[in-house]
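See below for the structure under consideration.
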Amino acid sequence: MLLKDKVAIITGSASGIGKEIAFEYADQGAKVCIADLSLEAANATANEIIQRGGVAMAVAMNVTDEAQVDAGVAQVVAQFGGVDVLISNAGIQIISAIVDFKFDDWRKLVAIHLDGAFLTTRACMRAMIAGGKGGTVLYMGSVHSHEASPLKAPYVAAKHGLIGLAKVVAKEGAKDCIRANVICPGFVRTPLVDKQIPEQAKALGISEADVIKNVMLKETVDGEFTTTQDVAQTAVFLASFPTNALTGQSITVSHGWHMQ
Ligand code: NAD
């Protein structure tokens, strides 16, 4: 068990990649907090983990709400005794050309990805420093932390921004043994991606099959989607790595869609 008794808060973990990380972390002995918008959905995931013999709790947390973030992290400290790992994973996608992009949509997306990363980082760093045992912060970046695609302006901007934030956390956190890294997945079949297949087909004027073949998988080495399991294994590796040698980095997990 690589994460025995580590306390991990995973945002956006009632679905997709975050949910898989929560399952994998629990299997590796971590106590996991499922933090998501809906308490009902978070509870359902926490209960699935508990039924498999893991340790989990649920909190309702909109990552853009300062009070909810601070209260949710305080609840985890009260119940599990501290925080060892934050996975800032909550995210959305909105597809549109820049010339048609609604300012409200830009602000909504950037707030979830960047305000959410900042607020959860601040609350968890405070808890980690108070606990005196250091910790790990992982951001869910994307191949779009390194490359651009049309129709995704705020997403690409925000995902690039996470790399900057991770580098600052790595520098400021080092004295307290807090490390920060970014995981950059390629396309993973989750609700976030399933929703954008028809949207991209419409915006680009191509078929849904062509979106999958020529947009999502064309640059991969094997024509394969990245899986939630691929990402979860990387998240275990990064949180269990023992020294400050691996901090301020981004690791791409994309079947070669992007190569650094
Ligand atoms: P998903 O839609 O399956 O899950 C996202 C979760 O985030 C949902 O449970 C949702 O309720 C939650 N969420 C949304 N807004 C929130 C908020 N304000 N506060 C708290 N929770 C909120 O999507 P996913 O594909 O699992 O995406 C997870 C992360 O992985 C995102 O940051 C996404 O950008 C990133 N990512 C996804 C892919 C992919 O291909 N699926 C690729 C690279 C990166």
Original post:
Taking a ≥ b ≥ c as the square roots of the eigenvalues of the Cα gyration tensor of region 31-113, is the shape rounded (a/c under 1.5), prolate (a/b larger than b/c) or oblate?
Top reply: prolate
Original post:
What is the packing order of peptides 113-121, 51-59, taking the mean over residues of other C-beta atoms within 10 Å and listing the highest first?
Top reply: 113-121, 51-59
Original post:
For the chain, which DSSP H helices look membrane-span-like by this rule: Cα extent along the axis of 15 Å or more and mean Kyte-Doolittle of at least -1.0?
Top reply: 16-27, 39-51, 66-80, 116-131, 153-173, 191-204, 228-240
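For the chain, what is the mean residue ellipticity at 222 nm derived from helices alone (per DSSP H run of n ≥ 4: -39500 (n - 2.57); sum divided by total residues; nearest 500 deg cm²/dmol)? Walk me through the intermediate numbers first.
Working: 8 runs with 112 residues, N = 260.
Helix-only estimate at 222 nm: -14000 deg cm²/dmol.
In percent, what relative contact order does the chain have, based on Cα pairs under 8 Å that are 6 or more apart in sequence?
Details: 529 pairs, mean separation 48.7, N = 260.
19 percent.
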Original post:
Among 31/171; 102/175; 4/218; 6/218; 171/213, which pairs are too far apart, with a Cα-Cα distance over 31 Å?
Top reply: 102/175; 4/218; 6/218; 171/213
Original post:
Going by the alpha-carbon gyration tensor, a ≥ b ≥ c the square roots of its eigenvalues, is region 136-260 rounded (a/c under 1.5) or, if a/c is not under 1.5, prolate (a/b greater than b/c) versus oblate?
Top reply: prolate
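Only four residue types carry charge here, +1 at the Cβ of Lys and Arg and -1 at the Cβ of Asp and Glu. Report the dipole size of region 196-254 about the Cα centre in Debye, rounded to the nearest 20. Intermediate values should be presented prior to the final figure.
Values: 3 positive and 7 negative charges, 25 e Å.
With only Lys, Arg, Asp and Glu charged at Cβ, the dipole is about 120 debye.
No value in this document is a laboratory result; all are computed from the given coordinates. Remember, predicted model here, so these are calculated numbers, not experimental data. Neighbour counts run over all protein chains shown; Cβ positions are idealised from the backbone, glycine included.
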